[in-house]
Structure formats: structure tokens, C-alpha cells
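Asks: Below you will find the structure I want to go over with you.
What follows draws every value from the coordinates through simple rules; no lab data is involved. All values reported here derive from a predicted model rather than from experimental measurement. Here the Cβ positions follow ideal geometry from the backbone for every residue, glycine too, while neighbour counts run over all protein chains shown.
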Amino acid sequence: EKGGYEHFMLKEIHEQPRSIKDCFRGRLNVDEGWVKLGGIKDYESKLAKAKRIIMVACGTSWHAALVGEYLFEDLARIPVEVEYASEFRYRNPIIDEDDIVIAISQSGETADTLAALNLAKSKGATILGICNVVGSSISRITHAGSYTHAGPEIGVASTKAFTAQVTVLTLMALSIARKKGNLDDTKFRRIITELELIPDKVAKILEQSEKHEEISAVYKDARNALYLGRGNSFPVALEGALKLKEISYIHAEGYPAAEMKHGPIALIDEEMPVFVIATKGPSYEKVVSNIQEVKARKGKIIAVITEGDTQVKAIADHYIEIPDTDENLAPLLATIPLQLISYYVAVMRGANVDQPRNLAKSVTVE
Ligand code: F6R
């Protein structure tokens, strides 16, 4: 049932070209130039008119929400607040009938996320869900929603559910943006054309398993690791750090690259691996400076770069090349190398990758 893979996690990482495709199948037509999410059709006008949207989630799903924030703000121009479900529900949050609360949950059973939604519903908000498990509690209490269609995720560490969540959020942001009329035809076409190419590009990254194993072998005994990114790569950095800590038990932290000099830079020495998402995009030059700051303090740089990059390649200790894509879609690709490295590091350390200590696949207690 692991389809020839040693662990469910590796199988699920490798399923991503297909799970991402399954997620946008029937929801995207590049030739005819449209995207649609049938499940939330009745709420499209309300979404298009929304003054703000609140997203609630936990763990990896919360990281997907942070990517969603960038997408909704850049494409649909709607302010988004991303909340940990556990914080939202205990804060007497200000919400009313005009609000739209979107919950993101692989299992659809996470206790805090479910409770946060019930609270928002009781205050009159419209509540929507992005779940993977069909018929789950969250999908049953929401007014409407869109499934991620990633298929069953068995490994405790979430991988293909995350990229499917980001894919649904992309489709949602695109369809609201079109409805609002604030995304011009050329940009819209460019993004959907690129979105359709994502599964093949993910497959191309997955082919480089040797490169990922090589890097993992160098850093498998690290005691700490930092993950840095800017813009929509910042949530990718957070997700990379979470993946490493939960399955390999190495302490890791994700930071916005520019925040490094406000504290974490003190940690950097020759023992510290620093993973940096340094793909081509609006903050590329700034990230290059952040890399130079780490190198100046003898930190080790493992960079995720865009194919054809020369500048970062020249200064990084290690690099993984990923295909170029639209900047809004970059998290779907940049996440993959970090998943793979976490996986290989954990295997090399002899950890139980699919069943990490102290963790459960679905957290139904608060
Ligand atoms: C991390 C992980 C957890 C979950 C979190 C939320 O790999 O799996 O952080 O993302 O417990 O779970 P769901 O998405 O089921 O609500």
C-alpha cells in the first residue's frame, strides 16, 4: 500500500504532481480562460464584496493560510487576517454578519479549528472550509467549501495536503479577482497557464532525489537549523522548519529573512545550516544580501534557487535548482525540496518518519 516507497511520507511527496492536478481538474480551463470552484459558487459575490477575510487553521494548514494571504491580497485585493484557530477562539474576536471566515484543515477534524468556526458561525459570519477529508466535521458545519482532493494522507507530516491547500487558495483568489474585475486578462492567462504547468515542474524537482540526499547527509547531525524567506517564501520557510523539527527532532526556526538581523543572527556560526528560499522574484536582491550576511558569519547556506541562477549559486554552500514560474505560484515549487530534505534527514537519523513521537495525524483534543 506504500506503492513501493519505504514510507507513506515519501509516497505522498511523490504523489504531488498528481494530487495538484487532481485538485485543479475541472476547476481550470486554460484554453477557454476560466477558473471556477463549484462548491463556493453561491458565495462568490459575497467574497468579491468582502471588506476582509479571516483564515483560521493550525500547523501546516496555518502556513497554507499565510500563502493564501499573499494570494488574496495580491490578486483579489482583499485584506486577509490569518489566525491560529486556538488563539482566535479564546480572544473574544470581533466578527459579524459581513465577515467571511475560511477554515483550512486536512483532516477536517482539528478541535480548535472546528471550535473557531462554530464561534464565527454563532456571531453570524459566513463560514467556508478547505478540507481534504470528504464528509469530515468541518466540511459538514460550513456553509460551503472546496475540497482539496489530494487523496488520503497517511504520513503524520503533512505534504501533499499542503500543496493542494495552496492550489485551492490560488484558484479561489483567481476566481474572486476575476469576479471583482481587478485582474487583467493578460496576467490572469499567464497565471493559469503557469498553474497548469506546476505538476510537471514538481515532477522535475522530485527527479533530483540524489542531490537532496547528498545535502541531507551533510546536515543530518545538525542540532539547529534556520529557514529564511521573504514575501510568499516566508510561509514556505516556516513550513520547512516545521517539517524538519517534527520528523527529525532537530530544532529549527523559520524567519522572514530581513528579521534575522533583529536577533537570530546571533545564533549563526559555522555549525548553523541556514536554508534560504532565494528564487527569482521581487525580493531576490534583498535575499542575496541576507545570504551574504550569513556567509560573513560563517553560516552554511543551503539555497533553493531558480534554474539558471548564477549569483546565489556562486556563494551558497549547497543549492537546489527549481524551475521558474509565476511569482504567485512559487511556494508550490519551493516547498518540495524542503519536504524532501526533511524526509531524508529523518530517515538518516533513524527516526520513525510516518509516526513521529508525540504526534497524532488528527488533533481532536484542544
Ligand atoms: C504538520 C501537521 C500538523 C497539521 C495540523 C492541522 O505536518 O501535519 O501541523 O497541519 O495539526 O491539521 P489539519 O490540517 O488536519 O487541521
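Asks: Can you find, among 124, 192, 242, the residue sitting farthest towards the positive end of the charge dipole of the chain, where Lys and Arg contribute +1 and Asp and Glu -1 at Cβ?
Replies: Going by the Cα projections, it comes out as 124.
Asks: More than 18 Å apart: what percent of Cα pairs in region 255-298 qualify?
Replies: Tail of the P(r) past 18 Å holds 21 percent of the pairs.
Asks: How high is the FRET efficiency between residue 31 and residue 6 when r is their beta carbon distance and R₀ equals 35 Å, given to the nearest 0.05?
Replies: Result of the calculation: an efficiency of 0.30.
Asks: Right, here's the next one. When a/c is below 1.5 the answer is rounded, else prolate if a/b is larger than b/c, else oblate, so apply that to region 128-207 with a ≥ b ≥ c taken from the square roots of the Cα gyration tensor eigenvalues. Mind dumping the intermediate values first?
Replies: Numbers: a/c = 3.71, a/b = 1.18, b/c = 3.15.
Oblate, since a/c reaches 1.5 and b/c is not below a/b.
Asks: Take the Cα atoms of region 254-366, find their three principal axes, and give me the spread along each one in whole Å, biggest first.
Replies: Here the Cα extents, ordered largest to smallest, are 44, 34, 30 Å.
Asks: Would you mind calculating the gained length between residue 214 and residue 122 on full extension (0.36 nm times residue separation, minus the Cα-Cα distance), in nm to one decimal?
Replies: Between residue 214 and residue 122, full extension yields 27.9 nm more.
Asks: Next up: If you average the C-alpha positions of region 169-239 and of region 309-344 separately, how far apart do those two centres end up, in angstrom?
Replies: 9
Asks: Give me the Kirkwood hydrodynamic radius of region 163-213, using the inverse of the mean 1/r over all pairs of distinct Cα atoms, in Å to one decimal.
Replies: By the Kirkwood definition, the hydrodynamic radius is 12.6 Å.
Asks: Restricting attention to region 48-97, which GluC sites (Glu not before Pro) occupy a DSSP loop and are surrounded by at most 16 other Cβ atoms within 10 Å?
Replies: 97
Asks: In nanometres, what is the gap between the two model label sites at residue 315 and residue 187, each 7 Å from Cα along Cα-to-Cβ?
Replies: Simple spin-label model gives 3.0 nm for this pair.
Asks: Then there's this: What per residue convex hull volume, in Å³, do the alpha-carbon atoms of region 42-177 yield?
Replies: In region 42-177, the Cα convex hull volume per residue is 90 Å³.
Asks: Within 10 Å of each candidate Cβ there may be at most 13 other Cβ atoms; applying that plus a DSSP loop requirement, which trypsin sites (Lys or Arg not before Pro) in region 15-79 survive? Show your work: numbers first, answer last.
Replies: Values: sites: 18, 21, 25, 27, 36, 41, 46, 49, 51, 52, 77; in loops: 25, 27, 36, 51, 52, 77.
Answer in residue order: 25, 51, 52, 77.
Asks: If you keep only loop residues by DSSP, which GluC sites (Glu not before Pro) in region 1-68 have at most 13 other Cβ atoms within 10 Å of their Cβ?
Replies: Details: sites: 1, 6, 12, 15, 32, 44; in loops: 1, 6, 15, 32.
Answer in residue order: 1, 6, 32.
Asks: Would you order 271, 109 from fewest to most other beta-carbon atoms within 10 Å of each residue's own beta-carbon?
Replies: 271, 109
Asks: Distance cut-off 28 Å, Cα to Cα: go down the list 2/121; 2/211; 41/204; 21/41 and report the pairs above it.
Replies: Listed pairs above 28 Å: 2/121; 41/204.
Asks: Give me the distance in nm between label points sitting 7 Å out from Cα along the Cα-to-Cβ direction at residue 141 and residue 196, one decimal.
Replies: 4.0
Asks: Quick one: Debye curve from the C-alpha atoms of region 269-323, no solvent, what's log10 I(q)/I(0) at q = 0.18, 0.22 Å⁻¹?
Replies: Calculated log10 I(q)/I(0) at the listed q: -0.49, -0.73.
Asks: Let me ask another. Can you tell me the 0 to 90 degree angle between the C-alpha axis of helix 209-219 and the longest principal axis of the chain, rounded to 10?
Replies: Long axis of 209-219 versus the principal axis of the chain: about 70 degrees.
Asks: Quick check on region 1-74: what are the equivalent-ellipsoid semi-axes from the Cα gyration tensor, as sqrt(5λ), descending, whole Å?
Replies: With the √(5λ) rule applied to region 1-74, the semi-axes are 29, 19, 10 Å.
Asks: Could I ask something else about it? Kirkwood Rh and Cα-based Rg: tell me the resulting Rg over Rh for region 181-313, rounded to two decimals.
Replies: 1.01
Asks: Continuing with this model, one more query. Multiply the residue separation of residue 96 and residue 52 by 0.36 nm, subtract the distance between their alpha-carbon atoms, and state the gained length in nm to one decimal.
Replies: 14.7 nm
Asks: OK, next. Kirkwood hydrodynamic radius, computed over distinct alpha-carbon pairs, for the chain: how many Å, to one decimal?
Replies: So the Kirkwood estimate lands at 20.6 Å.
Asks: Throw me the Rg/Rh for region 323-365, computed over C-alpha atoms with Kirkwood Rh, two decimals.
Replies: 1.15
Asks: Considering only 211, 11, 187, give the residue with the highest GNM mean-square fluctuation for the chain, with springs between Cα atoms whenever their separation is below 10 Å.
Replies: For the chain, modelled as a Gaussian network with Cα springs under 10 Å, the answer is 187.
Asks: Collect residues whose amide H, placed 1.01 Å from N in the peptide plane, falls under 5 Å from the amide H of residue 34; neighbours closer than 5 in sequence don't count.
Replies: Under 5 Å from the amide H of residue 34 lie the amide H atoms of 29, each far enough along the sequence or on another chain.
Asks: Still on this structure: Just subtract the alpha-carbon distance of residue 154 and residue 84 from 0.36 nm times their residue separation and send over the number in nm, one decimal. Mind dumping the intermediate values first?
Replies: Details: separation 70, 0.36 × 70 = 25.20 nm, distance 2.34 nm.
Contour length minus the Cα-Cα distance gives 22.9 nm.
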